[in-house]
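Just below is one structure, and these are the notes that go with it.
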Amino acid sequence: MNDVLLLPSLLSCDFSRLAEELAGCKAAGVQVVHVDVMDGHFVPNLTLGPLLVAAMRRATDLVLDVHLMMTQPLDYAQAFRDAGADAITVHAEALGPRGITEKLDQLRATGARTGLAFNPDTDVEMWVEAIAQVDQVMLMTVYPGFGGQAFIPAVRPRIRFLRGRFPELPIQVDGGIDRRTIPMVVEDGANRLVCGSAYFNDADPAGLRAWAESGQYV
Ligand code: DX5
Ligand code: ZN
């Protein structure tokens, strides 16, 4: 069964027209939008906090998939959940291996769907038990911090590894996802495609979404 979804990353949208951008996603047939939270510490960039997630929540009924690129994500996860986040993904590198089961329990206790993200150079094989505990996993296909970077092909074997280990788990990829790389990552087993600059710069974003979600890339 093909269950590929394309998730526009709002990092590349026009924030002066946020409600319209969300309505555009809805009209394009999008089900889930991706929200990038950067703390200026875990990554060298700053974006947005719970206040803006709450504004998004008021503007749309789309699923809000919130990606916390933060050194202390658990200090803020409940605030993002209360603001309206449906899913919250935290970085394995931020949590660290010690006490990971309890930390992921704490994330789940917010009431959000839970996700664990991995930077391109993190060894996911060390984390399979933790991954088994969450609702979705995300492989960064760029070093996080900025939109519009080039896809890192060395992550592809990790997608295949995780799909082999977790046949049913939603596997997200994030960074450099576009018309060129979508066929590769879907072939590897990814089924949640976070797409920022390529989506918002496309002349036909609805067409891009439909094509990506078709799974047919001839
Ligand atoms: C990068 C963010 C991504 C970003 C992707 O740190 O996590 O979600 O918006 O942007 P593109 O698709 O332009 O690489
Ligand atoms: Zn992201």
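What follows draws every value from the coordinates through simple rules; no lab data is involved. All values reported here derive from a predicted model rather than from experimental measurement. Glycine gets a Cβ as well: all are built from the backbone with ideal geometry, and neighbour counts include every protein chain shown.
For the chain, the longest stretch holding no trypsin sites (Lys or Arg not before Pro) located in a DSSP loop with at most 13 other Cβ atoms within 10 Å is which?
On the way: sites that count: Arg98, Arg179, Arg180.
That gives 1-97 as the longest site-free run.
How would region 5-212 be classified by its alpha-carbon gyration tensor: rounded, prolate or oblate, with rounded meaning a/c under 1.5 and the a/b versus b/c comparison settling the rest? Here region 5-212 falls in the oblate category. Dipole magnitude for region 5-212: computed about the Cα centre from +1 point charges on Lys and Arg Cβ and -1 point charges on Asp and Glu Cβ, it is near 240 debye. Shape class for region 117-163: prolate, because the ratio a/c of the largest to smallest gyration tensor axis (alpha-carbon atoms, square roots of eigenvalues) is 1.5 or more and a/b beats b/c. Going toward the positive end of the dipole of the chain, with +1 on Lys and Arg Cβ and -1 on Asp and Glu Cβ, which of Val63, Ala92, Gly207 do you reach last? The residue sitting farthest along the positive end of the dipole is Gly207. If the segment from Arg58 to Ala19 were pulled out straight at 0.36 nm per residue, it would be longer than the present Cα-Cα gap by 13.1 nm. Extending 7 Å from Cα along the Cβ direction at Asp135 and again at Thr101 yields two label points whose distance is 2.2 nm. This model, with +1 at the C-beta of Lys and Arg and -1 at the C-beta of Asp and Glu, gives region 51-128 a dipole about its Cα centre of some 320 debye. Scanning the chain for chymotrypsin sites (Phe, Trp or Tyr not before Pro) lying in DSSP loops with no more than 16 further Cβ atoms inside 10 Å, the longest uninterrupted stretch between such sites is 1-145. In this structure, Val128 and Ser214 have a Cβ-Cβ separation that, at R0 = 41 Å, corresponds to a calculated FRET efficiency of about 0.85. Only helices enter this figure: runs of n ≥ 4 DSSP H residues, each worth -39500 (n - 2.57), summed and divided by the residues of the chain, yield -9000 deg cm²/dmol at 222 nm to the nearest 500. Provide, for q = 0.14, 0.20 Å⁻¹, the log10 of I(q)/I(0) from a solvent-free Debye sum over equal Cα point scatterers in region 134-212. Calculated log10 I(q)/I(0) at the listed q: -0.42, -0.84.
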